[in-house]
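One structure is given below, encoded as structure tokens.
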Amino acid sequence: MMNELMHFGETCGDYTAFWINTEKYDSIGLLFNGIGCLFWVICYAVLVRTMVKKKFVEMPFFIACGNLAWEFIWSVFYHPDTGFLFSLSYQAAFLLDCFIFFYVVKYGGNFMHIPEIKKHWKGICIGSLLGWIPLNYFFVYNGFDTCIGANSGYILNIIIAVLYPYTMIQIGAQHYSKLVAWCKMLGTGLITVSMFIFYPTNYFTQTLGVMVLLLDCYYIYLLGKRKRALIIQE
């Protein structure tokens, strides 16, 4: 289906035709994009390890549902035409997101302070996931996305960047990982560089990318400041 869709005048190619699609995409842009994707896979792996070890869910539940839906759509129904290697990185992220969602459902309710939400936690999570799936699917189907999912990905990313500082302040910096914060910032930052190379006139996604980078940098600063304050208190 992806091959039949036109995204803002862009023709989506066959993702299996190349390991890395240097015919359509600039090699430097692919390098930045690939390293950025790798940082996000590392980020997810660290999140899963933390969830298993500490029984704590760092990622805000609403966006965890959105992320899983996005990875599902871009691993099953659509695929990035940057090449098969990039498609594999999306699928790796999807598998890690499945673990993240499992632990969100299992442990996330423990950190909710509203009794009504805590009581219906599993249903809220599953309902959110089921809501995000058609939103992501039809966003692509109706031609609002790029052939690598950049527009929808950055919409999710701006939500992540806004929610992370809020939830960290609410729950406490001692539970949050500096490594996740840096991987998140570097991953999105490097991918944003590739957006300027791949899509020089896609000002919507470029603007979102810059906004996310600024918010991620602020989150790193805020997290470090609050962790230092905790050390002084001890």
Which one is nearest to A69 (Cα to Cα), of the residues in the range 137-165 that are touching a residue at least 24 places away in the same chain (Cβ under 8 Å) and part of a loop (DSSP other than H, G, I, E, B)?
G149
Is it true that some residue in the range 59-67 is crowded, with 18+ Cβ neighbours inside 10 Å, closer than 24 Å to Q170 by Cα and in contact with an Asp or Glu (Cβ under 9 Å, 6 or more places away or on another chain)?
yes
What pairs come out if I take residues in the range 24-41 that are closer than 18 Å to N157 by Cβ and in contact (Cβ under 8 Å) with a residue 12 or more places away in the chain and pair them with residues that are among the acidic types (D, E) and not in a helix (DSSP H, G or I) whose C-beta lies under 9 Å away, six or more apart or interchain?
none
Leading residue by the ranking (surrounded by the most Cβ atoms within 10 Å (Cβ to Cβ)) among those in the range 88-103 that are free of Cβ contacts under 8 Å to residues at least 40 places away in the same chain and farther than 9 Å from S75 by Cβ:
F101
The range 182-234 - residue that is within 16 Å of N33 (Cβ to Cβ) and part of a loop (DSSP other than H, G, I, E, B) and, of those, farthest from the chain's Cα centre (by Cα)
P200
Whichever residue in the range 10-24 is crowded, with 19+ Cβ neighbours inside 10 Å and in contact with a Gly (Cβ under 8 Å, 6 or more places away or on another chain) and, among such residues, is farthest from A92 (Cα to Cα)
N21
Residue pairs within 6 Å by beta carbon, gap of at least six or interchain, first lying in the range 106-130 and farther than 9 Å from C65 by Cβ, second of a type in the set (K, R) and surrounded by fewer than 12 Cβ atoms within 10 Å (Cβ to Cβ), listed first then second, are Y107/K55
Answer yes or no: is there a residue in the range 182-193 that is among the basic types (K, R) and surrounded by fewer than 13 Cβ atoms within 10 Å (Cβ to Cβ).
no
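Values quoted throughout were computed directly from the atomic coordinates according to the rules given, and no laboratory measurement underlies them. All values derive from a computational prediction rather than experimental measurement. Note that each Cβ is placed from the backbone with ideal geometry, even for glycine, and that neighbours are counted across all protein chains shown.
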